[in-house]
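Everything below concerns the one structure shown next.
The values are calculated or read from the model by the stated rules, or taken from the named source; none is laboratory data. Everything numeric in this text was worked out from a predicted model, so none of it was measured. With ideal geometry, Cβ positions are generated from the backbone for all residues, glycine too; neighbour counts draw on all protein chains shown. We work out accessible area using only protein heavy atoms, side chains counted, and drop any ligands, DNA or RNA first. Shrake-Rupley method; radii C 1.70, N 1.55, O 1.52, S 1.80 Å.
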Amino acid sequence: SRATWSLYDNGDMVISGQGTMKLKDEDYNYEYDVQDHYDSRIRNLIIEEGITALDDEVFENFITVETVSFPDTLVSIGRLAFRNCTGITSLVIPDSVTSVSSYAFEGCTGLINLNLSDNLKVLESSVFGNCSNLKSVTLPSALEEITVNSENAFEKCEYLESFAISQENKNYTVVDGV
């Protein structure tokens, strides 16, 4: 079965089923397009067990979303998936996630606290760029690469005060919280 969504009067949008939550189906049929059915009542995204991937742009500009609950079956988060979701204040990305694409959380200006999957190996271009209120980040033990180019992973995160990192990480160390 494919991934589907339901919106409830209490503001919960529940994503259920199996596999990838896509922006549109294989025939580019927008009937199931979450973007076309965005509703300002959405406060909580609840992604249920069975969902393994979130497609590119799937929740982009969902500005009223405040919380996101990820399942332990989630493996990847697509490019721009949560871009400009300005209401999210805290994220815990489960250890099942091994891939978070470029710009996935860019512009989440309400984001303050971030815990990343311990199995995440690469932080891509501007993945958390412009998260202007981000204060703390816990970097994963498996982290091997932080993309540093014209758009680094934490570009324009001017209130970023501290990094924490697992002692098991062989590639990075934190000195005086930075």
Next item on the list: Can you run down the residue pairs with Cβ atoms below 6 Å, 6 or more apart or on separate chains, where the first is in the range 90-106 and acidic (Asp, Glu) and the partner is not in a strand (DSSP E or B)?
Entry: ASP95/SER117; ASP95/ASP118; ASP95/ASN119; GLU106/ARG83; GLU106/SER126; GLU106/GLY129; GLU106/ASN130
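Table: residues versus (1) small (Gly, Ala, Ser); (2) within 18 Å of ILE165 (Cα to Cα); (3) in contact with a Leu (Cβ under 7 Å, 6 or more places away or on another chain).
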position: ILE77; (1), (2), (3): no, no, yes
position: LEU80; (1), (2), (3): no, no, no
position: LEU120; (1), (2), (3): no, yes, yes
position: SER125; (1), (2), (3): yes, no, no
Check: From the set of residues in the range 87-105 that are more than 14 Å from SER69 (Cβ to Cβ) and not β-branched (Val, Ile, Thr), which is most open to solvent (accessible area, probe 1.4 Å)?
Finding: ASP95
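Let's see how each residue does on (1) under 19 Å from VAL127 (Cβ atoms); (2) at pLDDT 90 or above; (3) open to solvent by less than 70 Å² (accessible area, probe 1.4 Å):
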position: ALA3; (1), (2), (3): no, no, yes
position: LYS24; (1), (2), (3): no, no, yes
position: ASN29; (1), (2), (3): no, no, yes
position: ASP39; (1), (2), (3): no, no, yes
position: ILE47; (1), (2), (3): yes, yes, yes
position: GLY50; (1), (2), (3): no, yes, yes
position: PHE59; (1), (2), (3): yes, yes, yes
position: VAL65; (1), (2), (3): yes, yes, yes
position: ILE77; (1), (2), (3): yes, yes, yes
Notebook entry, point to check: Any residue at all in the range 158-178 that is open to solvent by less than 20 Å² (accessible area, probe 1.4 Å), part of a loop (DSSP other than H, G, I, E, B) and more than 22 Å from SER76 (Cα to Cα)?
Noted result: no
Check: Between a first residue in the range 54-82 that is touching a residue at least 40 places away in the same chain (Cβ under 8 Å) and a second residue that is charged (D, E, K, R) and crowded, with 18+ Cβ neighbours inside 10 Å, which pairs have beta carbons less than 8 Å apart while being 6 or more apart in sequence or on different chains?
Finding: ASP56/ARG79
Item checked: Residues within the range 111-138 that are over 13 Å from the mean Cα position of the chain (by Cα) and open to solvent by 10 Å² or more (accessible area, probe 1.4 Å), tallied -> 12
